[in-house]
1. Using a Förster distance of 51 angstrom, determine the FRET efficiency expected from the C-beta separation of A:GLU172 and A:ARG23, and round it to 0.05.
2. Accessible area per residue, 1.4 Å probe, Å², for chain A: what's the number?
3. If I compute solvent accessible area with a 1.4 Å probe over the protein chains, what percent of it on the stretch A:389-513 is carbon and sulfur?
4. Over the stretch B:2-84, give the accessible area per residue in Å² for a 1.4 Å probe, as an integer.
5. Taking each residue in B:27-38, count the Cβ atoms of any other chain within 10 Å of its Cβ, then average. What number comes out?
6. Roughly how far apart, in whole Å, are the Cα centres of the stretch A:281-331 and the stretch A:180-237?
7. Given a cut-off of under 8 Å on Cα pairs at least six residues apart, what relative contact order in percent is computed for the stretch A:411-505?
8. Give the average, rounded to an integer, of partner chain Cβ atoms located within 10 angstrom of each Cβ in A:487-498.
Amino acid sequence: MRLHQLLEASAAAAPGAILLVERDRRVSYAELDRQANQCAHLFQQCGIGAGDRVIIALENGAEMVAAYFGVMKAGGVAVPLPAGPRSDRLPAAVADCSPRAVVVDEATARALGQSGTFADVPHVFALASAPLPAPFVDFVAALGDCRDTPVALHGTDEDLAAIIYTSGSTGEPRGVMLSHRNFVANARSIVAYLHLTAADRVMCVLPFSYVYGLSLLHTHVAVGGSLVIENRAAFPNVVLASMAEHEVTGFAGVPSTFALMLHRSNLDQARLPHLRYVTQAGGGMSPARIADWLARGPKADFFVMYGATEAAARLTYLPPAELSQKRASIGRAIPGVEVRVLTDDGRIAAPGEVGELVARGPNIAPGYWNRPAETAERFGPEGYRTGDLGYADDDGCLFIVGRRHDMIKVGANRVGAREIEDVLHEHPAVHEAAVVPACHDLLGEAPVAFVALRQPLPDAEMALRGHAAARLAAYKVPTRVVVLPALPKLSGTGKIDRMALRQQAASGQELPS
Amino acid sequence: MNDTYVSEIREFIVSNFLFGKQGEFSDEQSFLESGIIDSTGLLELVSFVEERYGIAVADADLVPSNLDSLRNISRFVSDKVAAHG
């Protein structure tokens, strides 16, 4: 089955069911499917067919979803990107994937309109409140002339459905190619372990340009469920109020989503009796933070999950019942997927032995767009090499020690950034913490911590180094603790921008004396 | 006094989020909808007004009507300062 056929099947089964709730607007499955058909006809008129890329840089909403599935209905490849003028990914993505069309929001159009970014793009559409000058064509007006009848199907399940850009290890955008089969297989697996049904309604604050956000869309479309779109995640009180108003059954966040709710919202007053489950992915959340959420957050099953864009989102999950005895574990592989720990010489690691997590299954991407060398490096017969180092315990539960790239070599010792971050998160004044390696004259590398505080902490550097020293071996204690008003985030995903912190740590100012 | 807040906060936003580029954003424009500030930026902005004006922003205060435009945040700061004064 192809990804957009999930939408078509749900629209046929229950045309009047609500797919999207956006503030005061509700969009049914039938309505969204018709809009997607219109988009498909428009894209076909643009000459878009099998394999042609269409960039969609729109905020979450009906237009974004219709354009996304519309590209696939026309046989093309959707390239969702973060919307807004602060996103710096668009010019690089245009250059990398040579789209036949782009659809951008008004703010992006105004920011990039005269920059020449779109000079080689044949069709440039903008979703704007008022017509914009060339090269922009009004997207809504263009759709108005298109029929909403189904388009003829082309292609196979192995065709690409989307290219998702992520930050590569050196920070430059890298396009992950994902097929219809990848997405459909992963959606079905997630639906199975979360027990999603048409009665489920998820609060969606994650952008659809991010694979975790897309997995919310795909899984709910697969079962005929609903998504409540809230693009004001910066205001956790707004999100909580909307969760209560719409009686959502599910909520999905990255660690910074939960940090914001725990430290800057009225979480303690929230009444969410309909909330059935919460999922967390997008980087490790410290056990201290999870415990805080379980104590103060709504009473709902908490799923720790792990994945990668290269896996169409999901690789593992920890059943909520095991959360207390498997502290800091990412659980086991999701149904239909195999995740093994491989040593550097290619052996399967013994329980407790650290190696690289390597994944196989129908959700694993065929590779990176236009990057054969990196594709060969990360994708092989053994599976997708995640770059994450970890081990399995005697029960087969997986634990991540750190990124291959984030391992800090302090003298003869190695320490994962994650271990130090988890300890810093146990301090009551810490809102968020990230540890990166910095060059050190004597040790080669040394851990440097960047923290954002939730409450004032006098002489924070000494206090936090002392806190770490009481809990960690001496070589793991950060040589510097730098307090920032907020940690820099990658646009869209809300993940901490570790490259920016590495650069700051390396800039000399922050070097250990 | 309100105008002082507007211009000082505008200056903070221009230098920290627009990197000195004098964007054309009006006093009424939503920071989030116009994409000027994301969630990290919003917390930086809150820290800035807390330190600059010696006010405490409570969790319950973190709503768009207080913070999501220059006009809103200036009025919010002005009310807070008056309440303290």
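The values are calculated or read from the model by the stated rules, or taken from the named source; none is laboratory data. From a predicted model like this one, the values you see are computed outputs, not experimental measurements. With ideal geometry, Cβ positions are generated from the backbone for all residues, glycine too; neighbour counts draw on all protein chains shown. Ligands, DNA and RNA are stripped out before the accessible areas are found, and what is left, the full protein with its side chains, is counted by its heavy atoms. Shrake-Rupley method; radii C 1.70, N 1.55, O 1.52, S 1.80 Å.
1. Step by step, r from the Cβ atoms, then E = 0.90.
2. With all protein chains present, chain A gives 37 Å² per residue.
3. Within the stretch A:389-513, the accessible surface is 52 percent carbon and sulfur.
4. The answer is 46 Å² per residue.
5. 5
6. The two parts, judged by their Cα centres, are 17 Å apart.
7. 28
8. Going residue by residue through A:487-498 and averaging, the value is 2.
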